[in-house]
Structures are given as C-alpha cells and as structure tokens.
1. Got a sec to turn the phi values of segment 78-92 into Karplus ³J(HN,Hα) couplings, 6.51 cos²θ - 1.76 cosθ + 1.60 with θ = phi - 60°, whole Hz, x for Gly and Pro?
2. If amide hydrogens are placed 1.01 Å from N in the peptide plane, which non-local residues have theirs closer than 5 Å to the one on ILE165?
3. Whole percent per 5 Å bin, from 0 to the bin with the longest distance: what is P(r) over all C-alpha pairs of segment 193-253?
4. What are the ³J(HN,Hα) couplings of segment 42-51, residue after residue, when phi is run through the Karplus curve with 6.51, -1.76, 1.60 and θ = phi - 60°? Round to Hz, x for glycine and proline.
5. Looking at this model, which pairs from LYS48/LYS218; LYS58/LYS248; LYS91/LYS240 are more than 27 angstrom apart at the alpha-carbon?
6. Could you tell me the largest-minus-smallest coordinate of the C-alpha atoms of segment 36-78 on each of the three principal axes, in descending order and whole angstroms?
7. Report the paramagnetic label zone for SER222: residues of segment 187-214 whose backbone N is under 11 Å from a point 7 Å from Cα along the Cα-to-Cβ axis.
8. For a quick check: with amide H placed at 1.01 Å from N, whose amide H comes under 5 Å from PHE201's, ignoring anything fewer than 5 positions away on the same chain?
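The values are calculated or read from the model by the stated rules, or taken from the named source; none is laboratory data. None of these values were measured; they are calculated from a predicted model. All Cβ positions, even for glycine, are placed from backbone atoms using ideal geometry, and neighbour counts span all protein chains on display. We work out accessible area using only protein heavy atoms, side chains counted, and drop any ligands, DNA or RNA first. Shrake-Rupley method; radii C 1.70, N 1.55, O 1.52, S 1.80 Å.
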Amino acid sequence: MEEEHTTKRLTRKEKRLLRQQGKQPKENYQEKLNFNLRHFDPLTENQKVAFNSFNQDKNLMLHGIAGTGKSFMAMYLSLKQILGDPDSPYKRIVIVRTVVPTRDMGFLPGNSKEKTKVYEAPYYAICNELFGRGDAYDYLKNKNLIEFISTSFIRGITLNDSIVIVDEMQNATLHELDSVITRIGHNCKVIFCGDFRQTDFTREHEKNGLTDFMRIVKSMRSFNLIEFDANDIVRSALVKEYIILKDKMRIIT
C-alpha cells in the first residue's frame with residue numbers, strides 16, 4: 001500500500017531557533033511526523049464524488065446506510081489535507097458528536113474528558129487503520145491537530161481554521177445541529193456524516209428535525225450532499241448482504 005508523508009507545525013522553540021539563525025519560518029510551515037498516513041483510493045462511484053467534492057473545497061454532507069465509509073472518508077480526507085499540504089488554511093480537525101442516547105453525560109464516571117472518551121473509540125480505530133499504529137489518535141490530539149467536542153460543550157465557542165467533522169448527526173436534534181453550524185468561523189470546512197434511518201430518536205418531531213436540517217443544507221450552494229446506498233457498502237460482504245435483505249423486507253430498526 002502506497003504511503004504519504006505526514007507533517008506537523010513547528011514548535012515555538014523550533015521557530016525561535018530558526019529566527020536566531022536568520023530564517024523566518026512560514027506561518028504554516030510543517031515538518032514530517034515520525035509516522036506516515038497511508039494512501040487510500042475511493043472504492044465506489046459515490047466515494048469518488050465525495051473525494052472530488054472535498055478537493056474542490058466544498059462542505060460535505062455524507063448521508064447513507066451503514067458500512068459505506070462515511071466517517072473513515074471524512075477523517076482520511078481531512079488528515080490528508082492538514083498533514084500533507086503545507087499551504088493548507090486548516091490547522092486542525094474538530095470532531096463533534098452528540099452524547100447518545102440521553103445527551104446527558106452525568107451517568108458516566110469521571111471528568112468531561114473521561115466521559116467523552118467512550119465516544120472517541122471509532123476515531124482510535126480509524127487512525128489505527130490510517131497510520132498503522134494504535135497511538136496515532138492520541139498523538140495527533142496531543143499535537144493539537146485533532147480535537148474532540150461534544151455538542152454539550154459547543155455553545156459559546158467559535159471554530160476557526162478547522163475542518164469540522166460532525167459525526168453520527170442522526171442522533172443530534174435540530175437545535176444541536178443548528179448550534180454546531182452557527183459556531184463555524186473563518187477558514188473552516190464542514191463535513192456532516194450520518195444516516196437518519198439509524199437515529200436513536202423515537203419521537204417524530206425529533207426525527208423531522210434532522211430531515212429539516214438536511215433540506216436546508218441541500219439548498220446551500222457551499223454544500224454537496226452525497227447519498228450512499230447498498231452499492232457503496234465497503235465494510236464487509238456480510239454487512240452488505242444483511243442491509244440489502246433488511247431493506248427488501250422493509251424491516252426498520
């Protein structure tokens with residue numbers, strides 16, 4: 001598998017040393033990290049559309065059934081741009097997720113960081129696959145290249161110079177989705193990922209909130225909404241077979 005070199009910004013000490021040597025570092029100068037981002041090509045036509053739209057600097061809504069690689073693509077494309085492009089205007093990835101199913105984190109032990117840890121498990125797995133090492137996600141977080149935020153703490157902040165991945169959006173209320181998108185500041189790109197069919201909501205007005213939000217985003221020129229179906233399932237043959245049969249039988253989970 002082909003690999004790409006990844007990069008990180010210079011530390012303050014390294015910048016100071018460059019100035020002492022009479023060299024002025026660029027604002028977004030980057031140097032190689034000690035591990036590599038693996039190269040992945042799109043596997044389906046809709047994945048190709050997602051890759052092309054991202055490279056055209058579009059905001060994305062990746063919507064569709066499970067197993068189509070929505071979260072994986074969002075992380076891969078974001079990391080590729082931030083780590084591989086020294087002129088990228090984006091300095092970090094901000095992952096935003098709601099706390100499900102209750103949106104109340106009080107039942108979990110520990111402080112807010114410890115409570116959110118359980119919801120970060122998918123990104124540990126994704127980064128492990130992208131970099132081939134289990135500590136990649138923590139390493140990137142420690143370098144402030146990745147930040148995880150729950151919708152519980154999104155109010156009152158402004159996100160700048162970031163690629164914002166709003167994952168599992170089907171479990172966010174319209175109010176939460178509205179709170180997230182109105183936090184977007186300068187030099188940001190947004191990727192929404194999810195599938196309204198997988199929502200944990202049981203009340204009709206909560207389900208309608210997501211579809212209302214999708215209608216708004218679909219009408220925005222700055223967004224491309226890409227629908228993934230059974231033909232885009234890449235997780236495994238078993239998952240593909242199961243989902244196709246479930247849809248044929250009109251069984252709603």
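1. Per residue, the Karplus-derived 3J(HN,Hα) values read 5, 5, 4, 6, 5, 8, x, 10, x, 9, 5, x, 9, 9, 7 Hz.
2. Under 5 Å from the amide H of ILE165 lie the amide H atoms of VAL94, ILE95, VAL96, ILE191, each far enough along the sequence or on another chain.
3. 3, 14, 20, 21, 18, 16, 7, 1
4. After applying 6.51 cos²θ - 1.76 cosθ + 1.60, I find x, 9, 9, 5, 5, 5, 4, 4, 4, 4 Hz.
5. Beyond 27 Å: LYS58/LYS248; LYS91/LYS240.
6. 30, 23, 16
7. 187-190
8. none
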